[in-house]
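These notes are about the structure you will find just below.
The values are calculated or read from the model by the stated rules, or taken from the named source; none is laboratory data. All figures in this text were calculated on a predicted structure; none of them were measured in a lab. Counting neighbours? That spans all protein chains shown, and the Cβs are built from the backbone with ideal geometry, glycine included.
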Amino acid sequence: MNSDQLFKIVEKYSRQIDADFEGLAVIRIPDRKTVYIEQIDGMGRAIMMTEYKVNGFIYWAGYSSRSQTVFISLAA
C-alpha cells in the first residue's frame, strides 16, 4: 500500500470512524504509538507508523499486508 492510499484511509477515518475501508480492517490503537507489534499465531511483527496531518490533527498510521489491516493512532 502506498502513502497516498494510506492518507486517504486516515482522512476518511478522521471524518467518520469506519471499521472497514474497501475490504481492509481499520483498527485504532492507543494514542502516540509510532510502532505497533501485531501478534498473529504467536509471532510478532513490527508495524512502522507514518505521520499524517489531517484536519488539524496528527495521526500515525501503518499497514500490515499480512493481516490486511490499517492501524491508526492519534498523535496528540
Residue set ILE40, ILE27, ILE17; condition of a type outside the set (D, E, K, R) and touching a Phe, Trp or Tyr at 6+ places or on another chain (Cβ under 7 Å); output residue ILE27
Among the residues of region 37-63, write down those that are surrounded by 15 or more Cβ atoms within 10 Å (Cβ to Cβ) and modelled with pLDDT under 95. VAL54
Within region 1-36, restricting to residues that are surrounded by 11 or more Cβ atoms within 10 Å (Cβ to Cβ), hydrophobic (A, V, I, L, M, F, W, C) and more than 11 Å from the chain's Cα centre (by Cα), the one that is modelled with the highest pLDDT is MET1
Across region 37-52, which residue is nearest to SER73 (Cα to Cα) among those that are charged (D, E, K, R) and within 13 Å of the chain's Cα centre (by Cα)? GLU51
